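The values are calculated or read from the model by the stated rules, or taken from the named source; none is laboratory data. Everything numeric in this text was worked out from a predicted model, so none of it was measured. Backbone-built Cβ (ideal geometry, glycine too); neighbour counts: all protein chains shown.
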Amino acid sequence: MRRVQTWLKWKTLGAMPRTKGKSSSSHDSTQPTRSRSVLPDDPRAAPAAGTGAAASRAERDSDVSALSDTKLQTQMSDSQQLSKLRAIARNVPVFIAYIDAQLRIRYVNKPDESWYGRFRPQLVGKSFPEVVGERAFQQIEDYVALALIGREVTFEETDNIPGGIRCRQTTFIPDLGKDSKVSGFFAVVCDITQQRVSELALRESEERFRQLAENIDQVFWITDPARERTLYVSPAYQRIWKRSARNLLVGATRWTDHIHPQDRRRVAAEIQQAIAAERDFTVEYRILRPDEEIRWIRDRGFPVRDENGRVYRIAGIAEDITERLQALESLRESEERFRQLAENIREVFWMTSADGERVLYVSPAVKDIWGFSPAEIIRRPRLWYESIHSEDRDRVRESFCRVTKETIEEEYRVVRPDGSIRWIRDRGFPITDAQGRVYRIAGIAEDVTERKRALDALRHSEALYQSLVENLPLCVLRTDRDGRFVFANRTLRKLTGLHAERLDDKTYSDILPEDCAAEHRDGDAHVLASGGTWETTHRIHRDDATTYLQVLKAPVRDASDRIVGIQTLFWDITQRKQAEHALRESERRFRRYFELGLIGMAVATPDGRFLEVNDTLCQILGYSAEELTDLRWQTLIVAEDVPREQREHDRVLAGERDGYSVSIRMRRRDGQIVHTSLSVKCLRREDGSVDYLLALLQDVTNEKRAAEALARQALVFETIHDGVIILDRDSCVVDWNHAAEQILGWSREETLKRSIDEFMPIRQTLSPGVFRECGGPDNGSATADSGPRRWVAECALTRKDGRRCIVQITVIPLRDDGKAYNGAIVVCRDVTDEKAAQEKLRRYQSQLRSLASELSLVEERERRRLAAALHDHVGQTLALTKLKLGALAERARPARGRVAEFIERLLVRIGLKAQAWTTAEHEAAFGELKSLIEATIKDTRSLVFELSPPILYELGFESALVWLAERFSHQHGLSCRVIDDGKPKPLQDDLRIVLFQAVRELLFNVVKHAKANRAVVRVHRAERFIHVAVEDDGVGFDPAEVVADAESSRLHGFGLFSIKERLDFLGASMHIDSARGCGTRIVMVAPLSEAADEDETPAPLAVAPHVVSAERLNRHEVYESDTEVLDDGGRQ
């Protein structure tokens, strides 16, 4: 029963469980009218079901989850629940039956009556094969067998019924008992006809949609607005966008990525607003194809809602409207051209209906010709006919009646409203449609009044022409085809002496030199042969003057266009020739200037494109001439300077000015920036437009940098805290900055042109030869070899207000290119406060050194006091204890028992023993006590030597160094030795202590930092000084870094700094010689004692608490004399 409930639950959720194992599929196609059976493990058993079908099936099967079978009565004790389940089973729209293992039907619910028209009592107890029929049972026999062995099976069947088909889905659910034996199975049959019909319709709809989307010219698209991702795009996307749709679908690119950058933000904003408002949208934008081609797109989108009305998709159609826009643009342009043509021509363009009753259009020129506005004629079509002159009206009407069949042309008169008469030539023609039917009448009417008048004026014009030719300042000659003169105007006749009545026998030879006459005959032959014109220039020498005549020959034709003669024009072009010669000379000079290269020059078009450049310009910009002719000079200007230059350039093009000059920065080909001065001059045509530009370019980078340097120097000169005074050759003040005014109290105006000696005692402060070396007024001028030197000194002077101050003066000579003295710069700095601070610091440092030295001496005295106390008290007590313990051990041998008992009690009391000892243990105990005392004595001696070596006071400084070297060799494994020259070196007590401590600290530095294998301490005397040098073969260091570390109060290097300070206080000094990887040598130089004689051995100190022997010096042992004797005697 639980399996049935589980199945019903799955059924309610819209999913069917699949049965594990294999099932036979041998009955797939045994019946043509039935659908192919689907076994549980057949991969085709999961048909695609729509969301609506699944929902309806879930709703339909929701009440079946509580189905019970015949065993439900024994498994459920609640009768009320059992009755509910039976009620559900009776009313659920699913056929349910229970078949036992003998294939007997034990239960059938109510739907069977409505489905098959059979009553349930007729089925219960019947054989299942008998009920379904032999043939039908054979088709499902394999599924029944699987159910009887415990496997759940689902399959589908299709039956032909009147009016259509019925699809059923059958599920066999085995009934397993507690012993897992199959006692029967449930047969659950669902009618899925509507679901299958819906799925089929859905597939057909999807196929139609796919074919439509793939074959339309528009791009159909679907996006997910929540994830901002494209879900579908039709194949037309690749044809229009020229891009693959895969990048959109996988999210590599977005739809807006290929929109034109100028439209992208607008389109995104409009689409976002439409999505937020959940409304349709239409937007037009441009896209960029991979080949940079621009296409116009009209995109229409709309929201797609789910069953709850929520927008979960955005779909749309994008179409390429580029050609449409281009056609519309062409149409607009065509209409605009027609409108402009119709509105601007002097003729009247008109259009009427086919019957002529309605005027559809008339151009504005009608106002000038007819005197009526276009609106009046359109409103009153007969106004046109009524304005025709009464004498011409009938003729024109008859002619225009034929206009629907042919093109007509008439001339007639019209009477204007003001009574004036105008002659009109009107041409009308029919306009047909695609079927050839006339649906419009159009025409063009022109005012020929002037033409009519022109006919009258033609004759008058002929007379005027004749008069004009006769009186022209040009020579006009007309000849026939044989070269005989036919006509000569008055100017020619006057020039040559010809008579108008006797021209027919004259030729060129009669009025021109023979060479010119021959040239004229050749010209006539050329005109007769070619029918064109012929032009030449005659150069005639007369009376030492040269005259230039321009000759032009043209054919004379009759009414039949036949050449009947030649007309020749002569005119004097001497002045023009002279002007041309001057122009050529000017161009030649310009070319010489252009190629000379004094400045960069270029000839450019009005838009700035180089036409011709000279070599200097190429050198300035770093381009070749060929490269520059492909560029515009605006592209070489730094972006920040382009607007300024462009404004001036536009003013020239606008005719406001003919040239300009600007300072701009230009970028060379190598990327460097050059400062240039650009001067542009334009040459204009006769109409005032710019023909070409002449550009002059000069590299002013060095001048710019020099100006900037001068500006910076001037700024420094005025803002520097030091006073700066500039002197001329005579030591008079040339300039004087603000700081000098503050220091000396004199203003710049008060000091100009006055000698510096009036304000500052430079000559008294510096040595007398300073100005002579400078080449100043003391010595005239310096030699060419005088070098740039400077002199620094300090002097006390009195300010203008009377206050005294100390000033540091620096004098720097100025020299010209020949190195001759040309003045000086005096830098003065007020160091009054600095000097006071330095003096205060010096006194403070002196006090610190005195205090540090005093502390060092006090420390040494304290060390000596502690060492004496340890030696005199602790050391003696321990030595006496050791002696008495030895004596006690000797005396105790005869009375071993009592002594042993005493010692045992003593050891038990002090916790060293817990039980009785043997004689050997007693001996060992005495020996252990003695060893402890000896070790304590040894440690006490070492501590005494560490605090204050007695050797330094007993044997002197050199012996103490020997002891110190041996101690370092023994304790630190450093090969250390002392080299002494053997000369006496008397030292004061303080200096002796400081030198010994310094050597000891330096040796410690060698052990800790130098990584050395060997160290040497050299001691020698040089006159009244002792030299102590400590050398090692270690890694070395940079003395400058150590000094810097000490001055910056860092620990590293502070030891050397402390040694130096203590030595300096005592009148000694220290010198460091070291480098990285080269070892170190530190030399300390100190003065010897003046009170001692050079040959004397230095006396011991006033307090000598120790007696030291040479043997014990070698063993580093020092004992008190009496203690030592006792100890030796004891050992003997």
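Residue check, I173 against (1) modelled with pLDDT under 90; (2) more than 24 Å from D291 (Cα to Cα), all met but one. Which one?
Every listed condition holds for I173 apart from (1).
State yes or no: is S677 polar (S, T, N, Q) and touching a Ser or Thr at 6+ places or on another chain (Cβ under 7 Å)? Spell out the reasoning first.
Numbers: polar (S, T, N, Q): yes; touching a Ser or Thr at 6+ places or on another chain (Cβ under 7 Å): yes.
Taking the combined requirement at face value, the residue satisfies it.
Rundown of residues vs (1) farther than 18 Å from M601 by Cβ; (2) crowded, with 17+ Cβ neighbours inside 10 Å; (3) of a type in the set (K, R); (4) under 30 Å from the mean Cα position of the chain (by Cα), yes/no style:
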site: A639; (1), (2), (3), (4): yes, no, no, yes
site: V642; (1), (2), (3), (4): yes, no, no, yes
site: A654; (1), (2), (3), (4): yes, no, no, no
site: R657; (1), (2), (3), (4): yes, no, yes, no
site: T676; (1), (2), (3), (4): no, yes, no, yes
site: S679; (1), (2), (3), (4): no, no, no, no
site: V690; (1), (2), (3), (4): no, yes, no, no
site: L710; (1), (2), (3), (4): yes, no, no, no
site: Q713; (1), (2), (3), (4): yes, no, no, no
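Please work out which one of (1) at pLDDT 85 or above; (2) of a type in the set (A, V, I, L, M, F, W, C); (3) in contact with a strand residue (DSSP E or B) (Cβ under 8 Å, 6 or more places away or on another chain) is the condition V1035 fails and give its number.
(3)
Here is a check on your reading of the model: is R289 surrounded by 11 or more Cβ atoms within 10 Å (Cβ to Cβ) and within 22 Å of T253 (Cα to Cα)? Explain how you work it out, then say what you get.
Numbers: surrounded by 11 or more Cβ atoms within 10 Å (Cβ to Cβ): yes; within 22 Å of T253 (Cα to Cα): yes.
Yes, satisfied.
Take the residues in region 254-263 that are in contact (Cβ under 8 Å) with a residue 12 or more places away in the chain and charged (D, E, K, R), then tell me which one is farthest from D299 (Cα to Cα).
R254
Considering only region 335-448, give the helices (runs of 4 or more DSSP H) lying wholly within it that have at least 2 residues that are touching a strand residue (DSSP E or B) at 6+ places or on another chain (Cβ under 6 Å). I'd like the intermediate steps shown before the answer.
Working: elements: 366-369, 374-379, 382-386, 393-400.
Here the list reads 366-369, 374-379, 393-400.
Against the definition (within 24 Å of T193 (Cα to Cα) and either assigned by TED's automatic domain parsing to the domain that holds F95 or within 60 Å of the chain's Cα centre (by Cα) (or both)), how does E156 come out, yes or no?
Working: within 24 Å of T193 (Cα to Cα): yes; either assigned by TED's automatic domain parsing to the domain that holds F95 or within 60 Å of the chain's Cα centre (by Cα) (or both): yes.
Here the answer is yes, as E156 does meet what is asked.
With at pLDDT below 80, closer than 30 Å to A836 by Cβ and not β-branched (V, I, T) as the only criterion, which of E718, E708 stands out?
Numbers: E708 fails: closer than 30 Å to A836 by Cβ.
E718 is the lone residue from the list that is at pLDDT below 80, closer than 30 Å to A836 by Cβ and not β-branched (V, I, T).
Identify all residues within region 426-443 that are among the β-branched types (V, I, T) and crowded, with 17+ Cβ neighbours inside 10 Å; write none if there are none. First the steps, then the outcome.
We begin by selecting, within region 426-443, every residue among the β-branched types (V, I, T); these are 431-432, 438, 441.
Residue satisfying the conditions is I441 alone.
Name every residue in region 534-545 that is modelled with pLDDT of 85 or more and in contact with a helix residue (DSSP H, G or I) (Cβ under 7 Å, 6 or more places away or on another chain), in order of residue number.
Answer for region 534-545, where residues must be modelled with pLDDT of 85 or more and in contact with a helix residue (DSSP H, G or I) (Cβ under 7 Å, 6 or more places away or on another chain): W534, T536.
Need pairs with beta-carbon distance below 6 Å; first residue part of a helix (DSSP H, G or I) and within region 1063-1079, second at pLDDT below 85; sequence gap 6+ or separate chains.
F1065/R849; F1065/S853
Listed here are the residues, each with its yes/no results for (1) closer than 18 Å to Y98 by Cβ; (2) crowded, with 21+ Cβ neighbours inside 10 Å.
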| position | (1), (2) |
| --- | --- |
| G125 | yes, no |
| V131 | yes, no |
| A147 | yes, yes |
| N160 | no, no |
| G164 | no, no |
| D175 | yes, yes |
| A187 | yes, yes |
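For region 169-247, which strands (runs of 3 or more DSSP E) that fit wholly inside it have 2 or more residues that are in contact with a Leu (Cβ under 7 Å, 6 or more places away or on another chain) and under 24 Å from G301 (Cβ atoms)?
Working: elements: 182-191, 219-224, 229-233.
Strands (runs of 3 or more DSSP E) meeting the threshold: 219-224, 229-233.
Per-residue answers, yes or no, for (1) at pLDDT below 80; (2) hydrophobic (A, V, I, L, M, F, W, C):
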residue: R490; (1), (2): no, no
residue: L495; (1), (2): yes, yes
residue: H499; (1), (2): yes, no
residue: R502; (1), (2): yes, no
residue: T507; (1), (2): no, no
residue: I511; (1), (2): yes, yes
residue: A517; (1), (2): no, yes
residue: D522; (1), (2): no, no
residue: G532; (1), (2): no, no
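Does at least one position in region 683-705 carry a residue that is at pLDDT below 90, over 26 Å from R591 (Cβ atoms) and small (G, A, S)?
Yes, that holds for at least one residue.
So D872 passes all but one of these: (1) part of a helix (DSSP H, G or I); (2) at pLDDT 70 or above. Which condition number does it fail?
D872 satisfies all of (1) part of a helix (DSSP H, G or I); (2) at pLDDT 70 or above except (2).
Kindly indicate the residue of region 790-813 that is free of Cβ contacts under 8 Å to residues at least 24 places away in the same chain and within 52 Å of the chain's Cα centre (by Cα) and also surrounded by the fewest Cβ atoms within 10 Å (Cβ to Cβ) among those meeting that condition.
R790
So which residues in region 970-996 are closer than 15 Å to L1088 by Cβ and assigned to a helix (DSSP H, G or I)?
D989, D990, L991, R992, V994, L995 - these are the residues of region 970-996 that are closer than 15 Å to L1088 by Cβ and assigned to a helix (DSSP H, G or I).
Taking A327 and the conditions (1) loosely packed, with under 12 Cβ neighbours inside 10 Å; (2) at pLDDT 90 or above; (3) of a type in the set (G, A, S), which numbered condition does it fall short on, given that it satisfies the others?
Single failed check for A327: (2).
Which one of these does F349 not meet: (1) of a type in the set (F, W, Y); (2) out of contact with any Phe, Trp or Tyr (no Cβ under 8 Å at 6 or more places or on another chain); (3) surrounded by 13 or more Cβ atoms within 10 Å (Cβ to Cβ)?
(2)
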